[in-house]
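So the structure is just underneath, and the comments pick up after that.
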Amino acid sequence: MNGSIRAKAIVLLATALIVSADARAQLASAPDTIGARVQGCATCHGRAGEGSRDENFPRIAGKPAGYLFNQLQNFREGRRSYPPMNYLLAYLHDDYFQEMANFFAAQRLPFAKPEHNVTTAAATTAGEQLVHRGDGTSGIPPCVACHGPRLTGIQPGIPGLVGLHSRYISAQLEAWRAGTRHAKSPDCMQEIAARLTEAQITQISAYLAAQPVSDAVLPAPQGTWKTPLSCGSQP
Amino acid sequence: MKQLGWWGVIVTFVLVFAGGFVSYFWLPSAQLNGPRSAFEAFCIALGVPQAAPPSTIVVDVAPPSDVILTHNLLQPSTPQDIGHGATLAIRCTPCHGPTGISFADSPNLAGQYAATIYKQLRDFKSGVRSNAIMNPVAQALSDTQMQQIAAYYASRVRPVESRVAADPPAIVKWGAPMRNIAPCGSCHGSEDHSAASPWLSGEPAAYLRAQLYAFASGARTNDINGQMRAMVRGMTPTEIDWAALYFAGSTGAP
Amino acid sequence: MMKPAVAKPMPLLALAIALWCATGSTGTRSAAVQAQTFLGADQPLAQVIKRGEYLAYAGDCIACHTQHDGQAFAGGLPMVTPFGTLYSPNITPDSQWGIGNWSADDFYNMLHTGRSRNGTLLYPAMPFPAYTRVTRADSDAIFAYLSSLKPVHVPNHENELRFPYNNRSLLYGWRALYFKEGEFKPDPTRNAQWNRGAYLVAGLGHCATCHTAINALGGSSDAKAFAGGLIPMQDWYAPSLTLNREAGLGDWPIEDIVGLLKAGTSPRGAVYGPMAEVVHNSLQYLTDPDVRAMAVYLKTLPEHQAANAAAPDGATQVSASVLAKGSAIYQAQCSDCHGTDGRGKPPGYPPLAQNHSIEMQSAVNAIRMVLNGGYPPETAGNTRPYGMPPFAQIMTDEEIAAVVTYIRISWGNRGQPVTVGEVNPLRQAPLFD
C-alpha cells in the first residue's frame, strides 16, 4: 500500500516537474534583434521597411542611414508633424535612432512596381526637364544635382527619389513649400520648394513615381559628388 | 392770385426740368466709368441695358463646380463619422496640423463648416479647383470619406481669435457698392453665412491673400456663380491686404 | 559734522540704497543669496541643489512647466481641460516672469497652501493637493535647485478659461471640498520604507491626481483615491492601483513593480501613454530604494472588496461570429509577437493572458493600444525598447472591436466584450499635441 502510494507520488511529482519545465521553456523572450524591436514600424512601413500599398507611407528600406536618423529626430523634435510618428518616437533617444536607421538602411528588398501614371505626356516631359535640368530662370537646381544622376541619393543624408508614390512626393514638396515640414538648417529643400509652382510639383512627382527601379539602386557613397547647396542634413 | 398761378406754373416747370436734369443726366454722368454722352446717361437712368464696357472683362471658360449646394447636401453626420474622419484626417496633419490648425500658411480646417470642406474636396477631386497636393489627395477619397473628414474637422475647436476687437477696414465693413463689392460679412458673416462660404477668421493671412489673388486673376474658378471672382476683381491690392490681415486676426497695417 | 546743504539728502539716499538692496538687483538673486535665507551653515549649497534636482524629478515638474519645443521650466505648455486651456507658468528664476523674486517661504507656501506669492489662488492643474504634503526641507531644496537654473526671459501666457471658471474666487469653494492642507505625517505603525513610499506616492509623485476618478468639478473623492479613472481630455485610463482585478498590484512581485516604474517595462507589461512620460521624465531618475519604497507602499493600498466580486463571464456574451473574426485577426496580426497562447515573449512582447490592463473594466487602454501602438520610453533599464505598431489606419472599427473582445475573454481573461461604439470615439482622442 505504502509503496504504491509512494510510486504514484513520484510519478505525479515527476510529471509536474516535466510539465512545469516544459512551460518555462516555452516562455521564451522576444528575439534580441533590432528587427524584432522595430515591429512597431511594420503596419505602415512594412516588416522590413519595404513600404505598403498605402501611398501615404514611404518606403524606408535602403535609404541612407543618416537621412533616416534625421527624420526620426525631426519627428521627435516636431520639425515634422505627423501625430502617429510624433507619438511613437517621443521618448526614444538618438543612439537608438541610429540603430534603427542603420537597420532599415541595410535592408535590400525588391521595389514595388512604378506607378501607372495618370498624368499627361506633356507633364511628364516637363517633370523630366525639371528633374534633370532644373529651371534656371526660377533658380531651381536639377534634382539630380543632389539626389544623384540616377536619383539614388547619397550617403549619409540625401535620400533616393525612385520607388516612391507620387502622392507622397507631392505632399512632401508642398509641405516644404508651405513651411510645415522642416529639416535642420540650412533647410535647402525648403528654399528650393519655395521656388516651385504647384504645376511643377505635380510634374516632378509624376515623373519620379513613374521611373523604373532596379533592386541595385542604392545610395552612392559619401563624397561621390558635391552638392550645389549646403544643407543642414548633409555634412 | 393770377400772378401766383403763373409763378406756380413757372416754378413747377423749373423744378420738373431741374429734377429731370439732375436725375436723368447729371447724376448718371457722375458715376465712375460713367457714360460717354448725355444720351447714354439718359438711357442708363431709364434702365436701358448698355453695350458692354471695353475689354477688361474676363470671359469665364472654366467649367463650373458640380457641387450643388442644397440643405441636404451632406448626410447628417453621426458620431461614428467623426471617429472615421479622425483616422482619415491623420494623413492631412503634415500640412494642416495635428488639430486642424496649421503651423504655417496652409489653411486651418479646425471648426470650418462641413459643407465648405466637403465642397472643396469635391472640387479638388474633379479638378475644378487645382492644387498640386490636394488634387491627388482628393482623388483617392470616396464621397463618404469626404463627408467623414468634413464632419471631423467641423467638430474641432476653432483657432482662438487673438484679434483685439478692432474696427474692420472699410472694404470689409462696407464693401464697395459702386464696384459691386459686397461687404465680406454678407456671405462670410459670423452670425449667419451663405451656403459653403467659409469661416474666415483665424485663417493665415498669406493663404487668404493667395486665394483672393487667385480669384482676381481667374486662376481659381470654383466659386459659385463666379461671385468671388466678380467681387475681388474690383478690389485694389491694398484692399486685398487689409482684408486678409483683418481676418487673419492682425491689428496691424499691411 | 557735514555742512547742512550736504547733510539734507543723506537720509533719503540711505533709504534709497536700503530699498534697492532689499528688493534685489536687476537680475536674479544668486542661489547663494537664496541659500542664506533658509539653510543652515552645515549643508553645502551644491548638495542641497543636487537634492532639489532629485526631488524635482520626483515631482515631475518639468513635464508641465516645459513646452514641447521650449526651454526647460520656462512654462507655456497648454493644458486643455473641460474648463478651458491653462498655460503653465515660467518657473525659472527670471525676475520678471519667473520666480526670481520669490523667497523660499513663498515657494513653500505655494506648494503647501496652493497660493502664489501675491496670494493668488492656483488652479488645481498645479497638483497642490498632493504637493501640500512636501516637507519644508524638501521644498527649500527644490527651490534652491530652481533658483540655480539659468533664468529664461519668456513671458507667461494668459489662461483661456471659459466663464465662469475664469473667476478665481470659485476656487474657494473647490478648495473647501477637495483640498486638505497638511505636510505628510509618517505613520508610526509602519516602517521607514513604507513611510518613504507613502510620502513619495502621495506627495511629490502626485499619483492620485491621475489614478483617481475626477468628477465634473475637477475634484476627486478621498474614498476613491487610487481606484483608477479616465484622464479627462487625454482619454487614457489610469488604472486602479488597489484592486486586484485592475492594475491589481496585489499579485505583482515587488521586483516587477520596481521594474515597471523605473525601467518602464516588466514581465507583466510596459508603460504607454501618459505613464510613459512619467517614467521617462521622472521615475527613471529615482533611486532603487525610493522606487522600491513606492512599490511597497502601493502594494498595501486597501483593496475595495465590493468591486472584487466575481465578474460576469465575458465569454458568454460574445457571438460566435465576433469570436471567430477576432480570433482570425489575432492569429494574423498579433500572434507573432503575443503568441497564440497570449503569453507573449516578455519583457519585449508583453503577455496578454492574465494581463490586468487588458481584462480590466475600462477597455480604453486596450483599444488605444491597438489603434495607436506605442514604444515604451527609453530608460537606463530599457535602452532598446520593443515597439507595437498602430492599426488605426488599417483596421475597421468592427475588426478592432472583434480582436479586443477576443483578447479580453481568451486564455482565462475575465474582461468584457467591447463594441464599435467604444472603439470609434477613441479615434479622435488626442495622440500628440
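Read-outs throughout are calculated quantities, based only on the coordinates presented, and are distinct from any laboratory measurement. Quick caveat, the model's predicted, so the values are computed rather than measured. Cβ: placed from backbone, ideal geometry, glycine included. Neighbour counts: every protein chain shown.
The table below lists the values:
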read-out: Estimated distance in nm for a label pair at C:THR419 and B:SER194, the labels positioned 7 Å out from Cα along Cα-to-Cβ; value: 4.4
read-out: Space enclosed by the convex hull of the alpha-carbon atoms of chain C, per residue, Å³; value: 175
read-out: Net charge dipole size for the protein assembly as shown [Lys, Arg +1 and Asp, Glu -1 on Cβ; Debye, nearest 20]; value: 560
read-out: Chain C, relative contact order in percent, only Cα pairs under 8 angstrom and at least six apart counted; value: 13
read-out: Other-chain or far-sequence residues with amide H under 5 Å of B:ILE181's (modelled H); value: B:ALA176
read-out: Protection-proxy order for peptides C:414-426, C:114-126, each taking the mean of Cβ atoms within 10 Å per residue, highest first; value: C:414-426, C:114-126
read-out: Proximal lysine pairs, chain C, alpha carbons under 20 Å, eight or more residues apart or interchain; value: 6
read-out: Rg/Rg_globular for chain B, with Rg_globular taken as 2.2 N^0.38 Å and Rg from C-alpha atoms; value: 1.36
read-out: Alpha-carbon Debye profile of the protein assembly as shown, log10 I(q)/I(0) at 0.08, 0.09, 0.10 Å⁻¹; value: -0.91, -1.10, -1.30
read-out: Footprinting exposure proxy for B:ASP192, A:ASP135 (fewest neighbouring C-beta atoms within 10 Å first); value: B:ASP192, A:ASP135
read-out: On Cα atoms only, tilt of C:9-23 relative to the major axis of chain C in degrees; value: 10
read-out: Value in Å of the Kirkwood radius, where the stretch C:31-178 supplies the Cα pairs that are averaged; value: 15.8
read-out: Estimated translational D of the stretch B:79-154 in µm²/s (Stokes, Kirkwood radius over Cα pairs; 10 °C; 1.306 mPa s); value: 131
read-out: Whole-Hz couplings from phi, Karplus 6.51/-1.76/1.60, listed for the stretch C:248-265; x for Gly and Pro; value: x, 7, x, 9, 8, x, 3, 4, 5, 5, 4, x, 5, 6, 8, 9, x, 8
read-out: Sequence-distant aspartates and glutamates (8 or more away, or on other chains) whose Cα lies within less than 20 Å of B:LYS173; value: B:GLU161, B:GLU191, B:ASP192, B:GLU203, B:GLU239, B:ASP241
read-out: Across chain A: Cys residues that no other cysteine approaches within a C-beta distance under 4.7 Å; value: A:CYS41, A:CYS44, A:CYS143, A:CYS146
read-out: Phi to ³J(HN,Hα) by Karplus 6.51 cos²θ - 1.76 cosθ + 1.60 over the stretch A:45-56, Hz, x for Gly, Pro; value: 9, x, 4, 10, x, 6, x, 9, 5, 5, 6, 7
read-out: Amide H contacts of C:GLY374 (H built 1.01 Å from N, under 5 Å, at least 5 apart or other chain); value: C:MET388
read-out: Relative contact order (%) - criterion: Cα under 8 Å, at least six apart; region: the stretch B:170-248; value: 33
read-out: Value of relative contact order over chain B, rounded to a whole percent, pairs C-alpha under 8 Å and six or more apart; value: 18
read-out: Where only C-alpha atoms are counted, convex hull volume of the stretch B:170-248 per residue in Å³; value: 84
read-out: Interchain or long-range residues, amide H under 5 Å from C:THR81's placed H; value: C:LEU86
read-out: Values of log10 I(q)/I(0), in the order q = 0.11, 0.20 Å⁻¹, for the stretch C:272-379 under a Debye, Cα-only, solvent-free model; value: -0.52, -1.33
read-out: Computed Rg/Rh of chain A, alpha carbon atoms with Kirkwood Rh; value: 1.24
read-out: Principal-axis tilt of helix C:288-298 within chain C, Cα atoms, nearest 10 degrees; value: 60
read-out: Cβ-based exposure ranking for B:LEU74, C:LEU352, C:LEU86, in which fewest neighbours within 10 Å come first; value: B:LEU74, C:LEU86, C:LEU352
read-out: Mean ellipticity per residue at 222 nm, deg cm²/dmol - from DSSP H runs of n ≥ 4 across the protein assembly as shown, formula -39500 (n - 2.57); value: -12000 deg cm²/dmol
read-out: Whole-number D in µm² s⁻¹ for the stretch A:35-105, Kirkwood Cα-pair radius fed into Stokes-Einstein, 10 °C, 1.306 mPa s; value: 132
read-out: Calculated from backbone phi, Karplus (6.51, -1.76, 1.60) coupling profile of the stretch B:115-121 in Hz, x at Gly/Pro; value: 5, 5, 4, 4, 4, 5, 4
read-out: Percentage of interatomic Cα-Cα distances in the stretch C:192-308 larger than 23 Å; value: 23
read-out: Average partner coverage of A:173-183, which counts Cβ from other chains inside 10 Å; value: 5
read-out: Folded to 0 to 90 degrees: helix B:2-21 orientation relative to chain B principal axis, Cα; value: 30
